[in-house]
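See structure below.
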């Protein structure tokens, strides 16, 4: 059973926001790849999309179920992964994937960055706070 406290990382509004943002990341990437059953080329990019979409849904479920630290940690990854992929694919390019080099203003890409940026700004401090609270709660009492 998850342990709930009054900290903001446990707050239903914060968790609901995290859930919706994670699901938005998943939906954006499903739309970008052309559907759930489609795998983008090159193959490793398509697999990365599927992994991200699954991770986003799992993060949302963890937050929904109150598995706070794991949920916020996975939400951080759901935010950071595609931001990094966007920068690399638009900047130097990726192996066998150079079609997006310089394509910094693609509408769906910018929407994705905005959603992932907000998710990162929400999830990172709440993950850190939940981790600190867990560590503080696991320390032996002072002698």
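The values are calculated or read from the model by the stated rules, or taken from the named source; none is laboratory data. What you see is a predicted model; the values in this text were computed from it and never measured. Methodologically, a virtual Cβ is constructed for each residue, glycine included, from the backbone with ideal geometry; neighbour enumeration extends over all protein chains shown.
Table for the structure above
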item	result
Residues (surrounded by fewer than 19 Cβ atoms within 10 Å (Cβ to Cβ), free of Cβ contacts under 8 Å to residues at least 40 places away in the same chain and under 14 Å from residue 127 (Cα atoms)) located in region 46-101	70, 77
Hey, residue 110 over 30 Å from residue 66 (Cβ atoms), outside any loop (DSSP other than H, G, I, E, B), in contact with a strand residue (DSSP E or B) (Cβ under 6 Å, 6 or more places away or on another chain) and at pLDDT 95 or above or not	no
Residue identified as under 30 Å from residue 137 (Cα atoms) and part of a helix (DSSP H, G or I) among 23, 73	73
